[in-house]
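Q: Could you have a look at this structure, given as structure tokens, before my questions?
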Amino acid sequence: MGEISADILIVGGGTGGVAAALAACRNGATVIMSEPTDWIGGQYTAQGVPPDENQWVETVGCSRSQQALREGVRRWYREHRPLCDAARADVRLNPGGGWVSRLCAEPRVWHTVMMDMIRPHVESGRLRLLLEHEPVSAETAGDRVRSVTLRSRDGTQSTAVATFTLDATEWGDVLDLAGVEHAIGGEHQNVYGEMHARTDKTHPMDQQACSWCFAIEHRPGEDHLIARPSRYEFWRSFVPEMRDGSSWTGPLFSWTVPSHNAEGRRTFRLVPWPDEPAQGEWEMWRYRRIVDRGAYRREDSRHELPPDVALINMVQMDYWRRPLLGVSRGERDAALAEARELSLCLLHWMQTEAPRHDGGAGYPGLKLRGEELGTTDGLAKHVYVREPRRLIARTIMTEAHVGTEQRTRDGKATDAMNWQATPFGTGERFADSVAIGHYTIDLHPSCAGRNSVYVPCAPFRVPMGALIPKRVRNVLASGKCLGVSHVVNGATRMHTTEWHIGEASGTLAAWCIANGKEPHWVHEDAARVRAVQDILARDGAPMTWPWE
């Protein structure tokens, strides 16, 4: 394909990348966006993860464009699916009925709606979308990135030249390829003074587990056993041995898993369709269910009722035996292969040996579903990556800025009005805020053998300085790779926050293009920061919480 050019290159068409592209295009910039899979949307789509989200996501907790995405998904179901009257009339329709989110839906629908959102920009020529393209190298000159080489699935390479490059990849690939300073793994407490950082040493292997999600339906009385995976015996008897002095609850494959409650454990049964759980019970079938058969019309003979479909993303399939970052491509691919096999081993256990909710063992009627994930094998197109390389930014967000326990200890954000509005307190009131977010600080088990961390987090602001490298002048973080500590990544990695980060970076880059300036120049002056904030406000991107 040779050389291609635009004002802005967005490497990665995931959650943050799509938001950045929409923001940049609506603010007049030309954009190239690459994506290694054939779907845009990242966590929502190719990784198959219904959105974990905060309680304010549909009131004061998301931007206008994020709300447009959510309403677009609901509208798609009303227009294309034979929903029952109650579901169709539900203003807050949740097509999957999963309890993890107010909007559990099929990944293929999220992808379809996102494609509809970017289509006007693609058709106008303002946005060039390169699916199935991954970054393989970058050319730099001093403190600037001159170009990024992208390779398509058929091996063709293109050199993308842009004034600004936004890293919206799942692993922070641009940071690595272009030599942009970044961090990997967990910091020692003395680095940022964080309560829940490591107490022994900074450890590059302290990387959160990844997960390879899959979708299943249940056909009682049928046999849909998958072939026994080669390492099934290993995983079925595997008891995690954590190196931080904590203990697991027994075998990894169990409905009882570690918890941060008083007992240190919690049991979540699986109660697959057509059976119903006990009133008020939280169980695993409906945890991330993406198709709720009960939402469809039963009297419509023109349409066959869809099956209940559950998306499986459980701690029992968290893979942390090998790291994904700071290793060779071959080592990373080996880790990904093992993560994928672990998911299949969990499914085989569920089909054959898992304790049934009604007695006995195994649900042989569990059947892999590929339709909703756009695959033939029922596994997601891409592994779910929780933690990328993290930018060494002008501002690093730490637990002192967002952690409820630490901010309470330090006497911050504890006035009566704030505590009445939210039991989590409030985060640091960054004057250069360009986005907001909220989620528990949720760190999954790590490759260094550290057990999970799950502690409350205040609704927080994301400062512009967390998107801008300390040194490199024309790169911005546009997703999970922003300037945060390992601890804070546990809160900022969620869907809505990643979208807001992407939207902010796309807006900032477009403003710089329009004004012939660089992000560092903007960030060095409060009036210039406010100019960008004014555009974000005009476009409906919240930067503060109403109770602050």
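The values are calculated or read from the model by the stated rules, or taken from the named source; none is laboratory data. This structure is a prediction, so every number in the text was calculated from the model and none was measured. Counting neighbours? That spans all protein chains shown, and the Cβs are built from the backbone with ideal geometry, glycine included.
Q: Just name the residue that is surrounded by the fewest Cβ atoms within 10 Å (Cβ to Cβ) out of those in segment 143-160 that are under 17 Å from residue 131 (Cα atoms) and under 27 Å from the mean Cα position of the chain (by Cα).
A: 153
Q: Name the one entry in 71, 53, 35, 58 that is free of Cβ contacts under 8 Å to residues at least 12 places away in the same chain and either under 28 Å from residue 99 (Cα atoms) or surrounded by 22 or more Cβ atoms within 10 Å (Cβ to Cβ) (or both).
A: One residue alone meets the criteria, 71.
Q: Within segment 323-357, take every residue that is under 22 Å from residue 226 (Cβ atoms) and not in a helix (DSSP H, G or I) and give me the one that is nearest to the chain's Cα centre (by Cα).
A: Per the criteria, the residue is 354.
Q: Considering only segment 43-62, I want to know if a residue exists there that is in a helix (DSSP H, G or I), in contact with a helix residue (DSSP H, G or I) (Cβ under 7 Å, 6 or more places away or on another chain) and not small (Gly, Ala, Ser).
A: yes
Q: So, one more: Enumerate the pairs (first residue in segment 520-548 and under 16 Å from residue 22 (Cα atoms); second residue anywhere and of a type in the set (S, T, N, Q)) with beta-carbon separation below 6 Å, excluding pairs fewer than 6 apart on the same chain, so at least 6 apart or on different chains.
A: Correct list of pairs: 535/507; 536/507; 540/63; 541/63.
Q: Let me ask something additional. Could you list all residues from segment 188-236 that are surrounded by 19 or more Cβ atoms within 10 Å (Cβ to Cβ), among the aliphatic types (A, V, I, L, M) and under 30 Å from residue 369 (Cα atoms)?
A: Once the filter is applied, which keeps residues that are surrounded by 19 or more Cβ atoms within 10 Å (Cβ to Cβ), among the aliphatic types (A, V, I, L, M) and under 30 Å from residue 369 (Cα atoms), segment 188-236 yields 209, 215, 216.
Q: Given the structure, is residue 24 part of a loop (DSSP other than H, G, I, E, B), hydrophobic (A, V, I, L, M, F, W, C), modelled with pLDDT of 95 or more and more than 29 Å from residue 457 (Cα to Cα)?
A: No; evaluated as a whole, the condition is false for this residue.
Q: Could you tell me which residue of segment 294-309 is modelled with the lowest pLDDT, considering only residues that are acidic (Asp, Glu) and farther than 23 Å from residue 368 by Cβ?
A: Filtering first and then ranking leaves 300.
Q: Looking at residue 358, is it surrounded by fewer than 16 Cβ atoms within 10 Å (Cβ to Cβ) and farther than 17 Å from residue 47 by Cβ?
A: yes
Yes/no per residue for (1) without any contact (Cβ under 8 Å) to a residue 40 or more places away in the chain; (2) under 30 Å from residue 520 (Cα atoms):
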| site | (1), (2) |
| --- | --- |
| 76 | yes, no |
| 92 | yes, no |
| 131 | no, no |
| 136 | no, yes |
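Q: So, one more: Does any residue of segment 364-372 turn out to be in contact with a Cys (Cβ under 8 Å, 6 or more places away or on another chain), surrounded by 20 or more Cβ atoms within 10 Å (Cβ to Cβ) and closer than 24 Å to residue 38 by Cβ?
A: Taking every residue of segment 364-372 in turn, none turns out to be in contact with a Cys (Cβ under 8 Å, 6 or more places away or on another chain), surrounded by 20 or more Cβ atoms within 10 Å (Cβ to Cβ) and closer than 24 Å to residue 38 by Cβ.
Q: Might you check whether a residue that is in contact with a His (Cβ under 7 Å, 6 or more places away or on another chain) and assigned to a helix (DSSP H, G or I) occurs anywhere in segment 70-80?
A: There is no residue in segment 70-80 that is in contact with a His (Cβ under 7 Å, 6 or more places away or on another chain) and assigned to a helix (DSSP H, G or I).
Q: From the set of residues in segment 74-94 that are under 24 Å from residue 54 (Cβ atoms) and either in contact with a strand residue (DSSP E or B) (Cβ under 7 Å, 6 or more places away or on another chain) or of a type in the set (Asp, Glu) (or both), which is surrounded by the most Cβ atoms within 10 Å (Cβ to Cβ)?
A: 77
Q: Give segment 373-384 a look and list any residue that's buried (at least 18 other Cβ atoms within 10 Å of the Cβ) and either hydroxyl-bearing (Ser, Thr, Tyr) or in a strand (DSSP E or B) (or both), or say none.
A: 375, 379, 384
Q: What do you reckon, is residue 29 hydrophobic (A, V, I, L, M, F, W, C), touching a Pro at 6+ places or on another chain (Cβ under 8 Å) and either assigned to a helix (DSSP H, G or I) or more than 23 Å from residue 306 (Cβ to Cβ) (or both)?
A: No, not satisfied.
Q: Considering only segment 391-400, I want to know if a residue exists there that is in contact with an Asp or Glu (Cβ under 9 Å, 6 or more places away or on another chain), modelled with pLDDT of 95 or more and among the polar types (S, T, N, Q).
A: yes
Q: Identify all residues within segment 161-178 that are acidic (Asp, Glu) and crowded, with 24+ Cβ neighbours inside 10 Å; write none if there are none.
A: 167, 170
Q: Something else about it: Across segment 430-444, which residue is nearest to the chain's Cα centre (by Cα) among those that are closer than 23 Å to residue 533 by Cα and either of a type in the set (Val, Ile, Thr) or modelled with pLDDT under 95 (or both)?
A: Per the criteria, the residue is 436.
Q: Next question, about the same structure. Say we look at segment 390-406 and pick out the residues that are of a type in the set (D, E, K, R) and surrounded by 24 or more Cβ atoms within 10 Å (Cβ to Cβ); which of these is nearest to residue 193 (Cα to Cα)?
A: 399
Q: If you scan segment 476-509, which residues turn out to be farther than 26 Å from residue 6 by Cβ, of a type in the set (A, V, I, L, M, F, W, C) and in contact with a Pro (Cβ under 9 Å, 6 or more places away or on another chain)?
A: Once the filter is applied, which keeps residues that are farther than 26 Å from residue 6 by Cβ, of a type in the set (A, V, I, L, M, F, W, C) and in contact with a Pro (Cβ under 9 Å, 6 or more places away or on another chain), segment 476-509 yields only 494.
Q: While we're here: With the requirement that a residue be over 14 Å from residue 498 (Cβ atoms) and of a type in the set (Ser, Thr, Tyr), what does segment 15-64 give you?
A: 30, 34, 37, 59, listed by residue number.
Q: Go through (1) of a type in the set (S, T, N, Q); (2) in contact (Cβ under 8 Å) with a residue 40 or more places away in the chain; (3) within 24 Å of residue 242 (Cβ to Cβ) and name the single condition residue 189 misses.
A: The one condition residue 189 does not meet is (2).
Q: If you don't mind, there's one more thing I want to ask. Within segment 237-257, take every residue that is hydrophobic (A, V, I, L, M, F, W, C) and surrounded by 15 or more Cβ atoms within 10 Å (Cβ to Cβ) and give me the one that is farthest from the chain's Cα centre (by Cα).
A: 238
Q: Within segment 380-401, does at least one residue satisfy the condition of being of a type in the set (Ser, Thr, Tyr) and touching a Lys or Arg at 6+ places or on another chain (Cβ under 8 Å)?
A: No: zero hits.
Q: Has segment 112-134 got any residue that is under 30 Å from residue 3 (Cβ atoms), in contact with a Leu (Cβ under 7 Å, 6 or more places away or on another chain) and among the hydroxyl-bearing types (Ser, Thr, Tyr)?
A: No, there is no match, as no residue in segment 112-134 is under 30 Å from residue 3 (Cβ atoms), in contact with a Leu (Cβ under 7 Å, 6 or more places away or on another chain) and among the hydroxyl-bearing types (Ser, Thr, Tyr).
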